[in-house]
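One structure is given below, encoded as structure tokens.
The values are calculated or read from the model by the stated rules, or taken from the named source; none is laboratory data. Because the structure is predicted, anything quoted here is derived from the model rather than measured. Neighbour counts are summed over all protein chains in view; Cβ atoms, including those assigned to glycine, are modelled from backbone coordinates with ideal geometry. The protein model used for the area step is the full one, side chains on, heavy atoms only, and it has no ligands, DNA or RNA in it. Shrake-Rupley method; radii C 1.70, N 1.55, O 1.52, S 1.80 Å.
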Amino acid sequence: MLRIVLARMGQHDAAFNPLTYTVWYEYAAGVNAGLNQALDQLLKVKPRLSDADLRELYQMHVADVDPQAMHRIGGELQRVMATMAAAAARTGDDAGEFGAQLETLVTDLQAVNDKLLSPSFSQAVAGTARMRSSVQSLETEVKGSQSEIERLHKELTRVRDESLVDALTQVLNRKGFDQKLADMLERAPQTGHSHSLIMLDIDHFKQVNDTHGHVMGDRVLQAVGEVLKNCVPPGSDVSVARYGGEEFVLMLPDSQPQEAFMLAELARTRTQALKIRDRRTQSVVLTVTVSGGVAQMQPGDDAQSLIARADAALYQSKQTGRDRVTCA
């Protein structure tokens, strides 16, 4: 695949960089039908592609959809459809009112003299009735479209949320963690508070897999994920994520300095009390422990530096005997 992709890249003017490599890799691998179709169409009119061409293809067919933009667009569509539905309803009401006025006029004229009533009056009444019926049909269709947009918007939100959750442990995945951490760091904590990050690693997890197999390893990951979720106080802003492999993180926005350490200790002691049982015999197969590292946001911190300090504290816990929590 590397040889194929590099050969493709060499036929064009775009620079050799990760972005262009990604586009050509997905094209060569055939894993992105939309990209392949768009690229084939572009090649028909432009045999040599530039950086701008590859960047546009990447943004259109490879890059992740911006969930905030999709949420905004969905909201705007719903507002437009709501406005249309309201306008159709007003038009229907006006048509109905006008029709009633015509019918009253016809009745009054008939009371005076039937001969004064021309066919055009009857046609106007019938036309108004048809117009009102058409407007009511339009109103129904618009409301139906509005409901469909709302359904699609909810489906998009559900799919977006699912894409941020680790399928095995049902906590945030790495992508979800990155987004939550970025959101947390964008907000300034209150005076006397700080944003905190806890990193936890399951001790000797490789031995679990080697001794009991990967199925048991998955059960351990699921159990630890459940323990961490249950450690989060109800209604709090604390988020739990699987950072990767057997490593988990907890994010505490706008918290007191001691809260992060106390939560890390709670997670450690509850994991220590966890007993993984054989589902057939209910006998205890193994117990697990975790080591933790806690870091609080400092002036000038970004996501990378905060993670690095929490990771360094975690490493110190591992080096000094495991099954303990260290604060950076």
Exercise for review: With r as the distance between the Cβ atoms of Ser163 and Glu265 and R0 = 25 Å, compute the FRET efficiency 1/(1 + (r/R0)^6) and round to 0.05.
Suggested key: 0.15
Check your understanding: How much net charge surrounds Glu186 when only other residues with a Cβ under 15 Å from its Cβ are counted (Lys, Arg +1; Asp, Glu -1)?
Key -> -4
Review point. Looking only at region 263-303, which residues have a backbone nitrogen under 18 Å from a spot 7 Å from the Cα of Asp210 in the C-beta direction?
Key: 286-289
Review point. Using alpha carbon coordinates only, what is the Rg to Rh ratio of region 212-328, with Rh defined as the Kirkwood radius?
Key: 1.00
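Would you kindly state how much longer the chain becomes between Thr191 and Gln170 on full extension, computed as 0.36 nm times their sequence separation minus their alpha carbon distance, in nm to one decimal?
Taking 0.36 nm per residue and subtracting the Cα distance, the gain is 4.2 nm.
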Revision key, fill the gap. A 1.4 Å probe over the protein heavy atoms gives region 197-268 a carbon and sulfur accessible-area percentage of 52 percent
Review point. Taking R0 as 41 Å, what's the FRET efficiency between Arg151 and Arg322 from their Cβ-Cβ distance, rounded to 0.05?
Key: 0.25
Check your understanding: Pulled fully out, how much extra length does the chain show between Thr287 and Ala33, if you take 0.36 nm times their separation in residues and subtract their Cα-Cα distance?
Key -> 86.8 nm
Practice item. Calculate the dipole size of region 192-267 relative to its Cα centre from +1 charges on Lys and Arg beta carbons and -1 charges on Asp and Glu beta carbons; express the result in debye to the nearest 20. Key: 140 debye
Review point. Under a point spin-label approximation (7 Å from Cα along Cα-to-Cβ), what is the Glu226-Asp13 distance to one decimal in nm?
Key: 6.0 nm
**Study point:** Dipole moment magnitude, nearest 20 debye, region 1-64 about Cα centre, only Lys, Arg, Asp, Glu C-beta charged
**Key:** 240 debye
Review point. With every protein chain present, what accessible area does Tyr25 have (1.4 Å probe, heavy atoms only), rounded to the nearest 10 Å²?
Key: 90 Å²
